[in-house]
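Values quoted throughout were computed directly from the atomic coordinates according to the rules given, and no laboratory measurement underlies them. All figures in this text were calculated on a predicted structure; none of them were measured in a lab. Cβ placement follows ideal geometry from the backbone for every residue including glycine, while neighbour counts extend to all protein chains displayed.
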Amino acid sequence: MIDASERALLEETVRKAVANASATPGGNTPVDTVLATLGWLDLLEAAPREALDIVFGALGHANATATILDDVVASALGTPPRSDLAVLLPRFGAWDPPGRIERGRLRAHGLASGRVATARELLLVCGDATQVCVEIVPIADAEIGPVQGVDPDAGFRAVRVERGAAVARPVDAGAWQAAVAHGRRAVAHQIAGSCRAMLALARSHALERLQFGRPIARFQAVRHRLADALVAVEALESALAAAGDEPNPDTAALAKACAGRSARTVSAHCQQVLAGIGFTTEHAFARFLRRTLLLEGIFGCADDLLLSIGRRLLSERSVPALIEL
Amino acid sequence: MALSEIGNRDSQARSRELAAFRAALTAWLDAHHDELKPRYALPGTLDEHVAQMQRVKSILFDAGWMQQGWPERVGGRGGSPMLRTELGAAIAGRDYTDPGLYSLIEVLAPTLIDFAPPELAAEVVPRLLSGAEMWCQGFSEPGAGSDLASLQCRAVPRGDPANASTWVINGQKVWTSLAQYSERCVLLTRTGPPESRHRGITAFFVDMNTPGISVSPLEMINGEREFAEVFFDDVEVPAERMLGKLNGGWAVAMSILPYERSSCFWQRIAYLYSRLQRLVDLAPADDRSAEILGNAFLALYALRARSRATQHRLDGGVALGPETSIDKVLVATAEQTAYDAVRRILPGVIETDDSPAGQVWRSEYLYSRAATIYGGTAEVQRDIIARRLLELGSAE
């Protein structure tokens, strides 16, 4: 565990480095390089909570593109992460393992970060709720296609693998759940960072934009939208702090669901306050909106997560406290 | 986020201490369930609810639980205020008392402890805790709701304000919960010029049996007469009943906020969890219910996460301030979302079910509509958030 002052220093360092790197486009994912130099993999191993919170928060805040979600998932699956190992993520909105082994054939499809374009190998998880195994295949076995979609800058690829099943490593079924939980927290922290940034943009605009002879921040309708946006961000940050204090699949799923809900609330209010300029690509808001739309679907959208959580409440006929004072 | 990390090690130690307290409390409550559970038939009258609360407080006081987390100088047993938060949450979650009535302790006793002459606090606080007395809070007036600083109920000294032995009070309060049951009232009065706003307010601790006080209960939307109008007609109050300084009443009013926004909210959350549990027990096992329940659960869980962090900050010595308006918005939203879920999942229950259980749901549903009004309206909270947290300047 690191103390509060170390944490603040680390946060400032990471924020600055990520912001600088993402402000100079071009080059091969410079944010990844900067993070590697800062000791990202050591941090992930030694202080996973801070790694998720500080680093993914910084990515979200700067709307930076990196591929380190691959490291989070690999690490949770018990595979030492490395920069030439890409990870196959579930397809948009899904959270089941992306691969299946049937009659000796391995079939998998899903999304992958931009790392898949340069990696040597691809880690993929096959199985269902009861039996899970991890397989590492040469990248040449993967069919990789670009994803333009709502956010081409995010660098995601659509990946399909079909080959004979080799020597898949069986893992505990809980390992996939743990990987999903870590992935959810990472993505939710990134969304929280984006939400903070969107709110800062809308706040500045509200103070600077004059209409009817005064800043629009003076109008209660505008103030209340921004207040609701702050409530949504802080609710998300509380859910993330609770998931850090009590790390388990349930608290991670709730944090991710909260991230989806908060991102919609914050982006809707901020876009409305930004009005015309927020509707253009001249303003930074558009990039944040696009990124959060995409991130909401990584490891499950809020609606699907909450339906799944609701089904659990009904099947167990129990409302768990999950966190205590 | 950084704030939630401060004192992290201390807060982990506190969590362990609370877990031990909770385990002991749970075992004791389990063993005394028959004694503590309500003796009236549901839904019960307000008279019965109030009597039940005082009975429960008295049992808990005799067993030493009620004193936990209160300072020793008022008869408490010391320890973190979070101990009494745990107690309040446990008894609200078990339906031994209504959390709204019970949480008045948290908005009244700290005022006496912080602002009353020490001998007075030592004399009266144990009476509140043990259920021997009920107190009420005389803040709002017909012309002073969200704008509390405009209150007009007047206190005039008999003679020179600095040496007067008696103050005379004239005016009216409204929305005073449980006034008709109360022995005492923490009352805010105007002592400065009419336009002195928050600089000219003084608090008094008034005995409700003083001549000149009349109480007229108001019927709420759910049919209960929980709050009242209170009229003051030449009511004489001894000067030693002044709480805090002359014209220092605003500080008294504001000092309640940390308790109202921490302990009271945690009790409310425990109660809302118990209602969601009741709904989960009754809901049809279909996806429509699952979706509604999942959303209501998230609202409640996010609130719980927020409130937990707030209380650990308070416990770690942070002075709570305008950021608790976020907790207030979340609690109001979660409560209304939960009861909206009841109405959506149990069709016709709120509207047409006259069974005892139906009457309870109906009363609670209607009461939940006030969650965005009492304790500072949703609009006032959002304006505080905009002005103080987002620093958007003043509204027009």
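Numerical summary
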| item | result |
| --- | --- |
| Cα→Cβ-extended label distance, 7 Å offset, between residue B:197 and residue B:209, nm | 4.1 nm |
| Whichever aspartates and glutamates have a C-alpha closer than 14 Å to that of residue B:245, once near sequence neighbours (fewer than 8 apart) are set aside | B:114 |
| Alpha carbon convex hull of chain B, projected area averaged over orientations, nm² | 20.7 nm² |
| Under 5 Å, built H, 5+ apart or other chain: amide partners of residue B:65 | none |
| Low-density loop cleavage sites - chymotrypsin sites (Phe, Trp or Tyr not before Pro) in region A:152-234, where at most 12 other Cβ are within 10 Å (DSSP) | A:212 |
| Share, in percent, of DSSP beta bridges within chain B that are antiparallel, nearest 5 | 85 percent |
| Within 10 Å of each Cβ in B:329-335, the average number of Cβ atoms from other chains | 2 |
| Per-residue HN-Hα couplings for region B:183-196 [Karplus 6.51, -1.76, 1.60; θ = phi - 60°; Hz; x = Gly/Pro] | 8, 9, 9, 8, 10, 9, 10, 8, 10, x, x, x, 9, 6 |
| Where a label projected 7 Å from the Cα of residue A:324 along Cα→Cβ would reach, residues of region B:23-38 with amide N under 20 Å | B:23-33 |
| 5 angstrom amide H check on residue B:178, placed H, neighbours 5+ away | B:227, B:228 |
| In Å, descending, principal axis extents of the Cα set of region B:212-365 | 63, 42, 17 |
| Label-to-label distance, nm, for residues given as residue B:32 and residue A:250 (7 Å Cα→Cβ offset) | 2.9 nm |
| Alpha-carbon centroid distance for the pair region B:337-358 / region A:238-261, whole angstrom | 30 Å |
| For region B:2-133: rounded, prolate or oblate by the Cα gyration tensor [a/c cutoff 1.5] | oblate |
| Total formal charge among the other residues, if their Cβ is under 11 angstrom from that of residue A:254, Lys/Arg +1 and Asp/Glu -1 | +3 |
| Span from the region B:38-84 Cα centroid across to the region B:17-32 one, whole angstrom | 15 Å |
| Other protein chain Cβ atoms within 10 Å, averaged over every residue that makes up B:280-290 | 4 |
| Of A:265, A:171, A:219, farthest towards positive along the dipole that unit charges on Lys, Arg, Asp, Glu beta carbons give chain A | A:219 |
| Set of region A:175-219 residues, backbone N closer than 19 Å to the point 7 Å along the Cα-Cβ line of residue B:391 | A:196-209, A:215-219 |
| Whole-Hz ³J(HN,Hα) from phi, Karplus 6.51 cos²θ - 1.76 cosθ + 1.60, for region A:267-283, glycine and proline x | 5, 5, 5, 5, 5, 5, 5, 6, 6, x, 5, x, 8, 10, 7, 5, 9 |
| Convex hull of region A:174-316 built on C-alpha atoms - directionally averaged projected area, nm² | 9.3 nm² |
| Under 5 Å, built H, 5+ apart or other chain: amide partners of residue B:138 | B:186, B:187, B:188 |
| Rounded D (µm²/s) - chain A, Kirkwood Rh over Cα pairs, Stokes-Einstein at 10 °C, 1.306 mPa s | 78 µm²/s |
| Descending semi-axes in Å of the protein assembly as shown, equivalent ellipsoid built from Cα gyration tensor | 52, 29, 23 |
| 10 Å Cβ shell holding at most 15 others, DSSP loop, trypsin sites (Lys or Arg not before Pro): longest site-free stretch of chain B | B:246-396 |
| Viscosity 1.002 mPa s, temperature 20 °C, Stokes-Einstein D of region A:180-249 from Kirkwood C-alpha radius, µm²/s | 157 µm²/s |
| Helix-only CD estimate at 222 nm, as mean residue ellipticity for chain B, using -39500 (n - 2.57) per DSSP H run (n ≥ 4) | -15500 deg cm²/dmol |
| Per-residue HN-Hα couplings for region B:244-260 [Karplus 6.51, -1.76, 1.60; θ = phi - 60°; Hz; x = Gly/Pro] | x, 8, 4, 6, x, x, 5, 4, 4, 4, 6, 5, 6, 3, x, 7, 4 |
| Where labels lie 7 Å past Cα in the beta-carbon direction, separation of residue B:281 and residue A:46 in nm | 5.1 nm |
| Loop-located chymotrypsin sites (Phe, Trp or Tyr not before Pro) in region A:34-136 whose Cβ has at most 13 other Cβ within 10 Å (DSSP) | none |
| Between region B:141-164 and region B:212-244, the alpha-carbon center distance in angstrom | 14 Å |
| Model label zone, residue A:120; criterion: amide N under 13 Å from point 7 Å along Cα-to-beta-carbon; scope region A:128-168 | A:137-140 |
| Listed residues A:242, A:221, A:168, most fluctuating in chain A (Gaussian network, C-alpha, under 10 Å) | A:221 |
| Per-residue mean of C-beta atoms belonging to partner chains within 10 Å, peptide B:387-393 | 6 |
